[in-house]
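Participant: One structure is given below, represented as structure tokens, and several questions about it will come after.
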Amino acid sequence: MAQTILFVCLGNICRSPSAEGVLRAMASERGKALEIDSAGTGDWHLGEPPYGPMQRAAQARGYDLSPLRARQVSVEDFARFDLILAMDESNMANLKAMRPADARAELRLFTDYAPQTRATEVPDPYYTRDFDGALDLIEIAARGLLDQLGE
Ligand code: 4NP
């Protein structure tokens with residue numbers, strides 16, 4: 001059973017910090033102890049807090065993303081985490097290219113946990129500007145993930 005989970009997107013300022021905040025809140029509600037982190041494949045926003053409009057949309061639902069700071073995913077993450085969840089196919093391709101042969105982490109798409117939505121990726125709200133749509137999908141996938149971890 002996975003107990004350490006890393007969310008990965010491109011910039012680590014929209015989707016993956018939102019997933020981190022949502023899963024933290026839901027795991028805490030269910031009394032489930034998980035180590036949760038997020039990172040980006042890119043390095044443009046290192047050390048920055050989540051994007052303002054994303055933070056505000058998350059805050060409106062009760063998720064405080066303000067303490068989070070962007071970092072870049074590293075090869076060491078494949079030894080540190082049980083599960084690495086990519087937000088889209090491009091993130092997945094980047095992660096597969098850097099995955100060491102002896103990786104501990106299982107690598108999956110986050111939307112695998114939201115099959116009822118038929119979504120195959122979490123669209124990037126930095127470009128779509130649909131912050132609430134991203135949060136809707138992230139909440140559904142986070143619930144699906146917790147249900148599976150609880151089995
Ligand atoms: P994220 O969105 O991958 O969901 O954090 C992005 C934010 C910023 C950029 C790309 C994606 N950017 O290129 O600056």
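Rule-based calculations on the coordinates, nothing more; no lab input. Remember, predicted model here, so these are calculated numbers, not experimental data. Here the Cβ positions follow ideal geometry from the backbone for every residue, glycine too, while neighbour counts run over all protein chains shown.
Participant: Starting from the Kirkwood Rh over alpha-carbon pairs, what translational D in µm² s⁻¹ does segment 4-149 have by Stokes-Einstein at 20 °C and 1.002 mPa s?
Facilitator: 144 µm²/s
Participant: Apply the a/c threshold of 1.5 to the C-alpha gyration tensor of segment 77-144 and tell me whether it is rounded, prolate or oblate.
Facilitator: prolate
Participant: Indicate the helices, whole DSSP H runs only, in the chain that combine a mean Kyte-Doolittle hydropathy of 0.0 or more with a Cα extent along their long axis of 24 angstrom or more.
Facilitator: Long hydrophobic helices here: 131-149.
Participant: Using the Karplus equation 6.51 cos²θ - 1.76 cosθ + 1.60 (θ = phi - 60°), what ³J(HN,Hα) coupling, rounded to whole Hz, does each residue of segment 115-120 give in order, writing x for Gly and Pro?
Facilitator: Couplings: x, 5, 7, 6, 6, 10 Hz.
Participant: Can you order the peptides 112-123, 10-21, 30-41 by their average number of other Cβ atoms within 10 Å per residue, highest first?
Facilitator: Going by the mean number of other Cβ atoms within 10 Å, highest first, we get 10-21, 30-41, 112-123.
Participant: Roughly how many debye, to the nearest 20, is the charge dipole of segment 4-149 about its Cα centre, given +1 on each Lys and Arg Cβ, -1 on each Asp and Glu Cβ, and no other charges?
Facilitator: It comes to approximately 140 debye.
Participant: Let me ask something additional. For the chain, what relative contact order do you get, as a whole percent, if you take Cα pairs closer than 8 Å and at least 6 residues apart?
Facilitator: 27 percent
Participant: Next question, about the same structure. Pull up all non-local amide H partners of Leu109: gap of 5 or more, or a different chain, and H-to-H distance under 5 Å with H placed in the peptide plane.
Facilitator: Here Ala86 satisfy the definition.
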